[in-house]
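These notes are about the structure you will find just below.
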Amino acid sequence: MNAAFFIDAIITVVAVTTPILLAATGELVVEKSGVINLGVEGMMLIGAITAFAVAFDFGPDLGDFAPWFAVVCAAAAGAASSMLFGLLVLTLGSNQVATGLALTIFGIGLSSLIGAGYVGMTVPSFDSVFPDWLVADPLGRVLFGYSPLVYFALIMVLAVGWFLNRTRSGLVLRAVGENDLSAHSIGYPVIRIRYAAIAFGGALAGVGGAYFSMVITPMWAQQMTAGRGWIALALVVFAGWRAGRLLAGAYFFGILMTLELYAKASGFSFLPSQFWAAMPYLMAVVVLALMSARNVNRSDAPACLGRPFLPSS
């Protein structure tokens, strides 16, 4: 193995980690507010098809601005779909788990319907915006050879960590997630705060989906997220609802997914390719099961997570 192999491996790890890091960062904020949204996979697919359709249909007219506009549209589509979830669970009081699963099914169906006319079509990849001389050498490729969405994902997880732990607004959001009735009694708008958190989570899930259709595989294929939204959900629990651990956990799962790619590419014959494809998901289930059995991080979960808000007045 030479240096080029390790550089390629690092770049691959970063590439496959970015969408789950984006989606998990948004879901972290949602769950910190006391809501669990299992519709991450559906919102990612809605963001993916929105970004692809905008880039494909408007790319020739918008030129270099097209990828940026496509990502903004993906964020808006993800937020809009999350507002449907918010309306059902916050205003109408439906079950959060069932509604989240319904949102995932809705996102899969909607993306398949809209994307039927784009199957096999391609758009220009949303690559690095840095000058070519910066990415000419190996170190430059590792530091500057990524899509802007990679740097956006890193900035967002750090910003969310700072917001939750260092700002008054973050403290209020965490208070809503820990004891919504107490927060309501001292005048905080619980429903409004949760709507804002859900919209933020949906927007980041949409951007995570856009990363699939604009960076990883700039060619539309049905259900291209391949279950990464479920890994993002598991990652929030794996990280103990902490932003710093979220970053480390995302790259742990990114390494697992990269091992899958390299194992299949190298033609390991003693294990079937299906095993490597299933390994990241199997590891997510094993980790969550062990954490549940040992009560690890249970005290870190927001106390009101998944419970409907029923104000007494």
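The values are calculated or read from the model by the stated rules, or taken from the named source; none is laboratory data. None of these values were measured; they are calculated from a predicted model. We place every Cβ from the backbone using ideal geometry, glycine too, and count neighbours over all the protein chains shown. Side chains included, ligands, DNA and RNA excluded: accessible areas come from the protein's heavy atoms. Shrake-Rupley method; radii C 1.70, N 1.55, O 1.52, S 1.80 Å.
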List the residue pairs whose Cβ atoms are under 7 Å apart, where the first residue sits in segment 18-44 and is closer than 15 Å to Arg245 by Cβ and of a type outside the set (Phe, Trp, Tyr), the second is outside any helix (DSSP H, G or I) and open to solvent by less than 10 Å² (accessible area, probe 1.4 Å), and the two are 6 or more positions apart or on different chains. Glu27/Asn37; Glu31/Pro302; Lys32/Pro302
Return only the number of the condition from (1) more than 21 Å from the chain's Cα centre (by Cα); (2) open to solvent by 60 Å² or more (accessible area, probe 1.4 Å) that Gly93 does not satisfy. (2)
Can you tell me which residue among Ala277, Ala293, Ala284 is at pLDDT below 80, among the aliphatic types (A, V, I, L, M) and surrounded by 18 or more Cβ atoms within 10 Å (Cβ to Cβ)? Ala284
Please work out which residue is modelled with the highest pLDDT, limiting yourself to segment 203-233 and to residues that are of a type in the set (Ser, Thr, Tyr) and either under 20 Å from Met156 (Cα atoms) or buried (at least 24 other Cβ atoms within 10 Å of the Cβ) (or both). Tyr211
Looking only at segment 111-122, which residues are open to solvent by less than 50 Å² (accessible area, probe 1.4 Å) and modelled with pLDDT of 90 or more? Ser111, Ser112, Gly115, Tyr118
Looking at segment 52-77, I want the residues that are closer than 15 Å to Val129 by Cβ and have a partner that is open to solvent by 20 Å² or more (accessible area, probe 1.4 Å) and hydroxyl-bearing (Ser, Thr, Tyr) with Cβ atoms under 8 Å, at least 6 apart or on another chain. Which pairs are those? Ala70/Thr50
Give me a count of the residues in segment 239-271 that are modelled with pLDDT under 85, surrounded by fewer than 15 Cβ atoms within 10 Å (Cβ to Cβ) and aliphatic (A, V, I, L, M). 2
Can you name the residue in segment 130-145 that is touching a helix residue (DSSP H, G or I) at 6+ places or on another chain (Cβ under 6 Å) and not in a helix (DSSP H, G or I) and is also modelled with the lowest pLDDT among such residues? Phe130
Checking Ile155 against (1) open to solvent by 80 Å² or more (accessible area, probe 1.4 Å); (2) over 22 Å from the mean Cα position of the chain (by Cα); (3) modelled with pLDDT of 95 or more, which single condition isn't satisfied? (2)
Take Val236 and decide whether it is part of a helix (DSSP H, G or I), at pLDDT 95 or above and either among the polar types (S, T, N, Q) or open to solvent by less than 60 Å² (accessible area, probe 1.4 Å) (or both). no
Residue by residue through segment 143-169, note down the ones that are β-branched (Val, Ile, Thr) and under 30 Å from Ala53 (Cα atoms). Val150, Ile155, Val157, Val160
Could you tell me whether segment 179-192 includes any residue that is surrounded by 22 or more Cβ atoms within 10 Å (Cβ to Cβ) and under 23 Å from the mean Cα position of the chain (by Cα)? no
Filtering segment 30-40 down to residues that are of a type outside the set (S, T, N, Q) and open to solvent by less than 10 Å² (accessible area, probe 1.4 Å) yields Val30, Glu31, Gly34, Val35, Gly39, Val40
With open to solvent by less than 20 Å² (accessible area, probe 1.4 Å) and either under 13 Å from the mean Cα position of the chain (by Cα) or among the aromatic types (Phe, Trp, Tyr) (or both) as the only criterion, which of Ala70, Ala48, Ala53, Ala66 stands out? Ala48
